[in-house]
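Here is the structure we will look at.
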Amino acid sequence: MSESPMPTKVGPDPTVHSGPTLGGGAALPRAGRGLERLFRWFSTGAGVLVLVVIVAIAAFLITQAIPALRANQANFFTSTKWLPNDVAHPRFGIAALAYGTVLSAAIALVIAVPVALGIALFLSHYAPRRIATGLGFVIDLLAAVPSVIFGLWGRDYLSGPVTDLSGWLHRYLGFIPLFGSGGPYGNSILLGSIVLAIMVLPITTALCRDVFVQTPKANEEAALALGATRWEMIRTAVLPYGRPGIVAAVMLGLGRALGETIALAMTLGATFGVSIDLIQVGGNSIAANIANGFGEANATGRGALIASGLLLFAITLIVNVAARAIIFRRREFVGGQS
Amino acid sequence: MTTLSQNGSLLAGSLRRRRLPKALPPLLGVAALGVSAAGILGTGAGGWVLTVVVAAVLFVLATLIVSGAVEGGRRARDRVATIAVYGAFILALIPLGSVVATLLAKGTGRIDAEFFYHSMNNITALDSGGGAYHAIIGTLQQVGIAAVLAIPLGLAAAVYIVEYGRGRLTTVIRFFVDVMTGIPSIVAGLFVLAFWVLIVTPVFNHGRPGYSGFAAALALTVLMLPTIVRSAEEMLRLVPQALREGSYALGVPKWKTIMRVVLPTAAPGIVTGVMLSIARAAGETAPVLLVAGGTPAINFNPFSGNQESLSYFVYEQAGAASQFAPGRAWTAALTLIAIVAILTIAAKLLARRSTIGR
């Protein structure tokens, strides 16, 4: 994940130079021209394949979801039940799962975004230049840890401290409905969200850092020359300049959090219910439910899981398209400037 | 004129303003920790976590008060911001350190010959032995096949975007490559399930869905492709235009220029991106869970029959009802992270050697 999705060097499109006049296809012998054409077709095909795959994902998921949705005896969008394996009366709805997905992702972002902004500022403006790259690598290492290992760690190790924290939160902040439960604690939305926060940290940090580094030196120096402290310089020059990038980074983090599967399958309580309580054992998400429920699913159950996956795909696609659109527009803008 | 003199006096004022001695902020930090430790550990009100949290709050408050009194509110806020920024970085190191420490503490227990040379076949919940041989085979085969599929396709797509692409189609493809990096792995798994396992393979398999390692490799390909395209694209853009023009001037056709000049020049950077994507694919669990099925036995044939993978083995053992399962899960996790770490660090070292690096 160290490959920043946003190139640090942006300039005029280099493809402009390699126009059809270069590369001298016209002067080639016949065999060479055939090879040239083959090469061009193969690379074009590979590029188009990306679009084909995205369309195919939607098409095949819809195809497989339709029979199950037809057989469904409950409302797919409003029901909180998930009983698609009932042969006589299959009934399932996405409401509880979608709620758990959005809630855990939201809590994860509330935890992760301030920390990610802090780390990004640390790497771009606070850490000594010479070691900033090395320290950035340490954060990238977090991205390299497979999600199943975060899940195992969350379940076997972190659930202990989180149980203690849950009891503490309930004792002192129990009047807030979020911490209203008297137990049992452990595999809760809180645990899942903390693990999730750690997992979305690297990508959000990397994007924010790339944006902060691009702040025009002139703006920063102007702020400092007017007597601003370092923090005032960041507030008046770096953060306003980076705002669209920060929004995009947060949305990409949101996309990650919504789609995360195994870590949540291992740390959430896998119950079906809608509750505002964060610390009680429970919670579920669309992706975690697919991982947990796939093993015992029959044909209709599989279709139901695919239908929920289709909804997840649609949500993450919208979030990602919006985030990338912000970055893309900005890239053109910055590219025009430099 | 008045504004100028005002600015002048302001500047003079800030130059004369007193600053805290350099040694004072660290001393405040140590003092905060000491007070907090005495108050919390000393009285037994909480553990070391609460101690550190209270110490941090005390440190911030003390800095605000002392610096505010001596240097004024602006400097005080600046100091607090510095503490917060450093604190955020240190906070992020805690989970990393904890994961590594837990892995080393719990994962070394089952590093023995049986773990690496035996499968889980005929191992019941009461048996202490068993190993991950079948899972390691599965991971290597699935990731290998995915790499064989994804690397040529990814490079070709990057070549198209940088060398051939013009106009709207290229913009759209570039955009959706970025979007594709955000596709959840479980959706890639469901896609291969819906397309390959449930629709294509039944044709050759007497109507039964064909779970296989190859299906998992297909899902991993979907996940690797955008990462490879993206990193290769960036690297190809860094190749100097003069190299291409020199080659064209010698009469070399465009495809040969790309193969012999452009790709070799960008090779170290491309290899870095490829290895990072392989490392990520090796750790994916969800696709394997959906389309490879998992099995306790050794299966050398990725094209037929259920196959295990290391990451899925970790997931399975973590949920298994046996007192010996957690040990196996942690050792498998340690093995997995060793593979991923070797790939990642090698990729970073190669990136450093790149001649056209950023």
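Quick note: the coordinates plus some simple rules give every number you see, no bench work behind them. The structure presented is a predicted model; accordingly, all values stated were derived computationally and were not measured. Cβ coordinates were reconstructed from backbone atoms using ideal geometry, including for glycine residues, and neighbour counts include every protein chain displayed.
Laid out as a table, the results:
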{"read-out": "Shielding by partners, peptide A:300-312 (average Cβ within 10 angstrom, other chains)", "value": "3"}
{"read-out": "Neighbour-count ranking [beta-carbon atoms within 10 angstrom, fewest first] of B:Val60, A:Val200, B:Val49", "value": "B:Val49, B:Val60, A:Val200"}
{"read-out": "Across A:Lys217/B:Lys348; B:Lys22/B:Lys348; A:Lys81/B:Lys106, pairs whose alpha-carbon gap is larger than 30 Å", "value": "B:Lys22/B:Lys348; A:Lys81/B:Lys106"}
{"read-out": "Helix-derived mean residue ellipticity, 222 nm - over chain B, DSSP H n ≥ 4, -39500 (n - 2.57), to 500", "value": "-23000 deg cm²/dmol"}
{"read-out": "Shielding by other protein chains, B:162-175, mean Cβ within 10 Å", "value": "5"}
{"read-out": "Difference of contour (0.36 nm per residue) and Cα-Cα distance, B:Arg208 to B:Phe303", "value": "32.8 nm"}
{"read-out": "Lys/Arg +1, Asp/Glu -1 at C-beta; chain B dipole; positive extreme among B:Ser98, B:Ala62, B:Tyr312", "value": "B:Ala62"}
{"read-out": "Nitroxide proxy distance, nm - points 7 Å out along Cα→Cβ at B:Leu93 and B:Leu349", "value": "2.4 nm"}
{"read-out": "C-alpha center-to-center spacing [the stretch B:208-248, the stretch A:133-160] in angstrom", "value": "26 Å"}
{"read-out": "Qualifying GluC sites (Glu not before Pro) in the stretch A:234-338, DSSP loop, other Cβ atoms within 10 Å at most 16", "value": "A:Glu296"}
{"read-out": "Kyte-Doolittle mean at least 0.0, axial Cα span of 15 Å or more - DSSP H helices of chain B", "value": "B:2-16, B:24-36, B:48-71, B:73-107, B:133-159, B:167-180, B:213-238, B:263-282, B:325-353"}
{"read-out": "Gain in span if fully extended, B:Glu245 to B:Val172, counting 0.36 nm per residue against the direct Cα distance", "value": "23.5 nm"}
{"read-out": "Residues A:Leu196, A:Leu311 arranged by fewest to most Cβ contacts within 10 Å", "value": "A:Leu311, A:Leu196"}
{"read-out": "Chain A: relative contact order as a whole-number percent, Cα under 8 Å and 6+ apart", "value": "26 percent"}
{"read-out": "Fully extended contour minus Cα-Cα distance, from B:Ala341 to B:Leu24, at 0.36 nm per residue", "value": "110.1 nm"}
{"read-out": "Computed [θ] at 222 nm, helices only, for chain A once each DSSP H run of length n ≥ 4 contributes -39500 (n - 2.57)", "value": "-22000 deg cm²/dmol"}
{"read-out": "Shape category assigned to chain B from the gyration tensor of Cα positions, a/c cut at 1.5", "value": "oblate"}
{"read-out": "Sorted by Cβ neighbour density within 10 Å, fewest at the top, the residues B:Arg280, A:Arg91, B:Arg166, B:Arg230", "value": "B:Arg166, A:Arg91, B:Arg280, B:Arg230"}
{"read-out": "Rounded Å value of the spacing that divides the Cα centres of the stretch B:167-181 and the stretch B:47-124", "value": "39 Å"}
{"read-out": "Span-like helix ranges in chain A, DSSP H, alpha carbon extent 24 angstrom or more, Kyte mean at least 0.0", "value": "A:30-71, A:95-121, A:189-213, A:239-259, A:299-337"}
{"read-out": "Label-zone membership for the stretch B:280-302, site B:Asp127, 7 angstrom Cα→C-beta point, backbone N under 14 Å", "value": "B:296-298"}
{"read-out": "Test item: Cα-centred dipole of the stretch A:206-338, Lys/Arg +1 and Asp/Glu -1 on Cβ, debye", "value": "360 debye"}
{"read-out": "Shape category assigned to the protein assembly as shown from the gyration tensor of Cα positions, a/c cut at 1.5", "value": "oblate"}
{"read-out": "Average beta carbon contacts from partner chains per residue of A:119-132, 10 Å cutoff", "value": "3"}
